[in-house]
Amino acid sequence: MKALVLEKMYSLSMKDVPIPDCPEGWALVKVISVSVCGSDFHSFKGGNALLTYPRIMGHEVCGIIESINGNSESFSIGDKVILMPYLSCGHCKACKKGKTNCCSSLSVYGVHREGAMAEFYAAPLDHLIKVAPDMSSHVAALIEPLAISTHAVSRGEIKIGDVVLVVGAGPIGIGAALMARIDGATVLVSDTNEARRRYAMDAFGFEHVLDPLDPAYASQILLLTSEEGPDVIIDSTGNNRSMENDVNFLSNGGRMVFVGISNKPIALDGTQFHKRETELFDSRAAKLQDFEKVIRCIESGKLDPLKMVTHRAVFSESKEAFVQWNELGGDVFKAVIDMTEKK
Ligand SMILES: [Zn+2]
Ligand SMILES: [Zn+2]
């Protein structure tokens with residue numbers, strides 16, 4: 001099969017590789033659409049310490065079951081499916097607590113194991129989720145990143161009427177902002193990138209979109225939160241300085257959720273952290289219930305992931321497209337690769 005292989009930093013090649021093994025209880029899935037994650041660009045630039053080369057990236061994927069090894073009551077050949085792209089061991093402390101999303105030996109598609117920027121991928125049946133046959137393959141591919149956002153929102157334990165500040169208006173941040181709004185929160189969004197701020201307003205209808213570099217940032221937040229600060233701050237930037245700064249804006253008794261990863265130390269002001277009795281949570285990957293919630297919101301019309309897609313390419317041109325998207329940076333909100341030309 002053809003696969004887009006990341007040979008080493010900044011080096012992609014379209015190659016013939018063997019079709020992946022499909023052990024018992026697994027399915028072989030033919031890829032229809034795969035969307036590109038910020039983490040794929042990060043890997044391309046050599047920023048992912050967990051990734052080893054060569055690697056087929058891609059974990060946000062919609063496909064069709066090509067074959068199943070064994071019997072299954074729940075799945076049939078031809079089913080349209082998405083992937084929960086994190087394999088857990090089932091017996092570590094985290095797994096025993098039901099926190100399979102942070103298994104101590106988590107194996108993520110496109111990072112620790114071969115991903116879905118290829119004609120086929122293989123996965124255990126219990127990591128596949130069936131979607132409606134008529135769901136757009138772009139919408140389906142975007143369920144995974146939206147599940148990541150949904151998991152972050154669930155960590156925030158948002159209540160109706162809460163004011164939530166989402167820092168970072170990329171796909172994960174906007175997903176969190178959308179899910180928090182669906183949950184009944186008033187949402188403020190901030191990003192240092194002007195294109196992203198404009199997109200948050202124009203495409204997703206957020207009214208309160210702020211620039212953290214604006215000298216008036218702190219006073220704007222106070223003005224929008226009855227001078228008290230947000231109940232919950234969700235930081236999706238992965239930027240340690242942003243994460244350090246969040247506590248200064250949080251309301252007393254508030255909660256912070258970090259959904260981005262910083263590879264640098266995060267130094268919080270101890271006094272500010274203490275004064276608020278800050279609750280600080282990390283959010284890693286997503287669980288089945290997060291995927292299910294996203295699907296419910298799409299099916300009920302509350303969520304329209306297609307607004308996220310700004311760039312697309314067919315698989316045969318994906319190598320060049322990926323390099324170009326990487327150069328465009330923040331102007332690419334979400335890019336999708338289609339295995340065949342779409343009408
Ligand atoms: Zn991702
Ligand atoms: Zn485990």
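Quick notes on this structure:
- Residue 188 being more than 19 Å from the chain's Cα centre (by Cα), part of a loop (DSSP other than H, G, I, E, B) and in contact (Cβ under 8 Å) with a residue 12 or more places away in the chain: no
- Some residue of region 263-280 being buried (at least 21 other Cβ atoms within 10 Å of the Cβ) and among the small types (Gly, Ala, Ser): no
- Per this entry, residue 39 is not counted among residues that are under 19 Å from residue 285 (Cβ atoms), modelled with pLDDT of 95 or more and within 16 Å of ligand 1 (Cβ to nearest atom).
- Positions within region 79-121 being buried (at least 16 other Cβ atoms within 10 Å of the Cβ) and within 11 Å of ligand 2 (Cβ to nearest atom), in sequence order: 86, 87, 88, 92, 94, 95, 100, 101, 102, 103, 106
- From 174, 234, 266, 261, residue being under 30 Å from residue 40 (Cβ atoms) and in a strand (DSSP E or B): 234
- For beta carbons closer than 8 Å, sequence separation of 6+ or different chains, a first residue in region 38-57 that is over 9 Å from residue 111 (Cα atoms) and a second that is among the polar types (S, T, N, Q) and surrounded by fewer than 16 Cβ atoms within 10 Å (Cβ to Cβ), the qualifying pairs are 47/263; 49/263.
- The set of residues in region 10-67 being in a strand (DSSP E or B) and among the hydroxyl-bearing types (Ser, Thr, Tyr) consists of 11, 13, 33, 35, 67.
- Residues within region 1-10 that are surrounded by 14 or more Cβ atoms within 10 Å (Cβ to Cβ) and either in contact with a Phe, Trp or Tyr (Cβ under 8 Å, 6 or more places away or on another chain) or among the hydroxyl-bearing types (Ser, Thr, Tyr) (or both), tallied: 4
- Unique residue being basic (Lys, Arg), in a loop (DSSP other than H, G, I, E, B) and either more than 20 Å from residue 44 (Cβ to Cβ) or over 15 Å from the mean Cα position of the chain (by Cα) (or both) when the list is 312, 284, 296: 284
The values are calculated or read from the model by the stated rules, or taken from the named source; none is laboratory data. Note that the structure is predicted; figures quoted are calculated from it, not measured. Note that we place each Cβ from the backbone using ideal geometry, even for glycine, and neighbour counts take in every protein chain shown.
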